[in-house]
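The values are calculated or read from the model by the stated rules, or taken from the named source; none is laboratory data. If you're wondering where the values come from, they're calculated on a predicted model, not measured in any experiment. Positions of Cβ are generated from backbone atoms using ideal geometry, with glycine treated the same way; all protein chains shown enter the neighbour counts.
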Amino acid sequence: MNLFPTFRFWLIWTLLHAGVMGGGHLVLAWSKDVPAMFSPYFTAALLGLAQSVLLGRRVRWVWLWPTFALAGGMVTFVLNWYIPILLGFITCLLDWPLLAAGQFRRAYLWPLLGGMAWAGGMLLGWCLVAPLLGTSFAQRPEPLSASVILAFHGLCYGAVTGWALALMRPAPTTSAGCLYYDGACSFCERWVKRLGFIARQGDFEWMPFQSEAARRNLCLTEGEVPHEMKLRLADGRLLGGVDACIALAEAAGWTAPLGWLMRLPGVNALAWRAYRWVAANRYCISGQCAAPPSPERKQP
């Protein structure tokens, strides 16, 4: 399963936004020939160029991407140069046709989420970060302080737009795979029914281990039930436990941040510990406190 964006892409995308917005302002601040009010438009143009490099062939006519970023800055400047809070929305609005032409679903989310993230990141930077640096809203911050504020702004904007790409990714042409679970466990059955929409949004099917198709696909003997749920991907790979949960979350798009969070080293270890405890006690949680009678039951 080749999902876009992956956790690695999202992390690079987010950190790049923080670096370009913070570093770009710092570089511009050292140049005494350029007024400070041009900083948002300068960094927006740099962001457009960096984004086009990361997006590559995933977006049609990607060479227009940095041009639209520059155009967004010019439009905002003409409308009202002291309200760069509109810059993110206008730039993302211009990018919208490129994403739609690239078969991205729900491309309208790009200007909506991008605009809110740009405005929200700017407000949070001034309301949360600026006071920590000893800068009030009415003051013009020192170049280094302003760079920290803009880096935080970029971090917010990059994180949300990276998630937006997961929400909008093109639909797969075939089924993404199949989720297998213990159909004899009422706890498992109940949660699969509750969260089945996540599997559907990721284009996964699901079936219990006890079905003939599951035994055939997983090469299980009669009565054999794995100790964790399994996820067979379209490319043939078989994942289990937390790895299967991560793949499901990332494939659904809107739950992708949860999957990315569970990939973090410390969080991943805790998630595995919790999953193993639940899996080992799933029948007691279901009120059975014993596995269904099956003389051939195995625990691989």
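Some points to look at:
- Of the numbered criteria (1) under 24 Å from the mean Cα position of the chain (by Cα); (2) loosely packed, with under 15 Cβ neighbours inside 10 Å; (3) under 30 Å from residue 26 (Cβ atoms), the one residue 159 fails is (2).
- All of 188, 219 fail the test of being modelled with pLDDT of 85 or more and over 20 Å from residue 237 (Cα atoms), apart from 188.
- Some residue of segment 203-216 being over 30 Å from residue 29 (Cα atoms), touching a residue at least 24 places away in the same chain (Cβ under 8 Å) and part of a helix (DSSP H, G or I): yes
- Every listed requirement among (1) at pLDDT below 85; (2) in contact with a Pro (Cβ under 8 Å, 6 or more places away or on another chain); (3) not polar (S, T, N, Q) is met by residue 102 save one, (1).
- Picking from residues in segment 4-40 that are assigned to a loop (DSSP other than H, G, I, E, B) and at pLDDT 75 or above, the one that is surrounded by the fewest Cβ atoms within 10 Å (Cβ to Cβ) is 4.
- Residue among 136, 147 that alone is of a type outside the set (A, V, I, L, M, F, W, C), modelled with pLDDT under 80 and on the phi < 0 side of the Ramachandran plot: 136
- Enumeration of residues in segment 69-88 that are of a type in the set (A, V, I, L, M, F, W, C), surrounded by fewer than 20 Cβ atoms within 10 Å (Cβ to Cβ) and in a helix (DSSP H, G or I): 70, 71, 74, 75, 77, 78, 79, 85, 86
- Within segment 251-277, the set of residues being of a type in the set (A, V, I, L, M) and within 18 Å of the chain's Cα centre (by Cα) comprises 251, 252, 256, 258, 261, 262, 264, 267.
- Of the candidates 218, 248, the single residue that is over 22 Å from the mean Cα position of the chain (by Cα) and at negative phi is 218.
- In segment 286-295 there is no residue that is at pLDDT below 85, in a helix (DSSP H, G or I) and farther than 30 Å from residue 171 by Cα.
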